[in-house]
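In what follows, a structure is listed as structure tokens, so that the remarks can point back to it.
The values are calculated or read from the model by the stated rules, or taken from the named source; none is laboratory data. Nothing here was measured: the structure is a model prediction, and the numbers come from that model. So basically every Cβ, Gly included, is an ideal-geometry build from the backbone, and we count neighbours across all protein chains shown. Only protein heavy atoms, including side chains, enter the accessible area calculation; ligands, DNA and RNA are left aside. Shrake-Rupley method; radii C 1.70, N 1.55, O 1.52, S 1.80 Å.
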Amino acid sequence: MPSYRELFAIAEFRVLFVNRLVVMAGITLSGLALGTITYQATGSPVLTALSMFGGPLFSLVASQLLLAGSDSVRPRTALMWQMAAPLLANGLQAVPGLPWPARFGLLAIPHLVNGMFSGTQWVLVRQIVPDGSYVLARSAFNLAVGGMQVVGYGLGGLALLWLSPSELFLVAAVADAVCLANLRLGLRDRPARGSSRGAGVVRRTAAVNRRLLGSAVTRPLYVAMLVPNGLVVGCEALFVPYGRGSVAGYLFAASAAGMMVGDLVVGRFVPVARRDRLIGPLRLLLATPYVALLLSPPHAVTLVLACAASVGFAASLPLQERMFACTEEAMHGQAMGLYGTGLMVWQAIGALLAGLVAGVVSPAHAMGIMACTSIAVTLVNTPGLRRSAPDATPAPLVSASGSPSA
């Protein structure tokens with residue numbers, strides 16, 4: 001099996017990895033700041049959840065029209081645009097006294113740009129790492145996300161005791177500026193994979209999206225990767241109303257720590273064949289611990305439950321392996337871009353649904369209800385997911401020009 005040491009021997013991989021660390025630090029700080037400001041201004045669980053997880057809804061618009069930009073814009077240029085957009089947004093969010101509706105509007109800036117180029121980074125990672133190392137590389141990035149969420153939310157919860165939310169936005173803007181310089185200086189400029197321009201990008205985006213979402217093979221894969229995750233993220237979106245203050249930061253940190261454990265074990269130590277067999281159990285683990293919130297346990301117990309549940313996020317690693325196996329190479333970038341955008345959109349949907357439920361019942365009970373819904377989706381989707389199993393015969397393939405019949 002490939003090792004992390006082999007990956008980190010590649011200079012450009014190190015650049016992307018460090019960039020991911022700093023990006024996540026900025027995202028956690030700005031998200032916690034915006035959630036705090038919104039809850040203080042409105043007292044609404046729905047608006048608080050949307051402020052922290054609702055921005056990706058803007059990415060949905062861009063992904064339906066311009067996602068093929070992941071293949072038609074030079075990778076380094078696309079990644080730099082992805083850093084310049086949050087730099088601008090966080091700089092404006094730091095303006096004192098900005099009305100919270102205007103802050104919601106600023107959420108559109110980074111997420112519209114990200115919706116155009118959400119597949120770029122993963123195509124570039126596949127080009128940089130040796131053959132057969134993508135899943136290990138993706139697990140390393142997931143570990144970076146989890147690690148910086150632990151650091152970001154943990155320290156962010158403490159920082160709010162001394163810094164204002166506006167000052168947290170300034171820290172996030174500095175992090176974005178560091179990322180922008182890191183990409184410009186550390187990555188080799190590469191040509192775009194495709195040459196589509198203008199309406200060609202729109203046509204290809206629509207055509208490939210239809211084939212991916214219309215196929216009886218890949219559609220259940222997207223459901224498995226997006227919907228249960230999004231519903232459980234709805235549980236996390238209620239951490240602020242549920243825990244308030246520093247407790248919410250610790251809950252986010254515990255959740256991120258569990259995700260790190262899952263990605264490390266599944267991505268590095270579990271053999272490829274066994275990874276695929278863990279998809280079902282990990283999907284159920286993702287939601288089951290939160291069912292206990294229906295009993296309103298103490299905060300200390302919830303910390304343990306959040307950590308254990310987040311191990312289940314590691315199911316996305318073998319599911320991504322299936323996605324690559326079921327689609328031709330020419331559309332991998334858009335397939336992964338659709339997954340990335342869909343993941344964020346379903347996180348936003350989960351946050352919205354959780355906020356609506358929490359408007360009727362307590363935040364703890366709302367988390368339990370969201371967990372039960374996630375389990376139901378996993379069970380209903382299981383038969384369709386068998387069509388993409390490695391032992392399926394003949395091996396299914398979705399191409400840019402056609403797909404298996406439903």
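Here are the numbers for this structure:
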{"item": "FRET efficiency estimate (nearest 0.05) - Cβ-Cβ, Leu213 to Ala181, R0 35 angstrom", "result": "0.40"}
{"item": "Rough spin-label spacing in nm, given labels placed 7 Å along Cα→Cβ, for Cys372 and Ala192", "result": "5.0 nm"}
{"item": "Per residue accessible area of the range 312-353, 1.4 Å probe, in Å²", "result": "22 Å²"}
{"item": "CD proxy at 222 nm, helix term only [per DSSP H run n ≥ 4: -39500 (n - 2.57); per residue of the chain; nearest 500]", "result": "-24000 deg cm²/dmol"}
{"item": "Relative contact order (percent, whole number), the chain, Cα cutoff 8 Å, 6+ residue spacing", "result": "27 percent"}
{"item": "The range 125-275, relative contact order [Cα under 8 Å, separation at least 6], %", "result": "55 percent"}
{"item": "Pairwise FRET efficiency - Thr77 versus Leu98, Cβ, R0 = 25 Å, nearest 0.05", "result": "0.25"}
{"item": "FRET efficiency, 1/(1 + (r/R0)^6) with R0 22 Å, evaluated for Glu328 and Arg277 via beta carbons", "result": "0.30"}
{"item": "Gain in span if fully extended, Leu161 to Ser362, counting 0.36 nm per residue against the direct Cα distance", "result": "69.8 nm"}
{"item": "Base-10 log of normalised Debye intensity for the range 83-176 (one unit scatterer per alpha-carbon) at q = 0.16, 0.17, 0.21, 0.22 Å⁻¹", "result": "-0.85, -0.92, -1.13, -1.17"}
{"item": "Cα pair count fraction exceeding 42 Å, expressed as % - the chain", "result": "7 percent"}
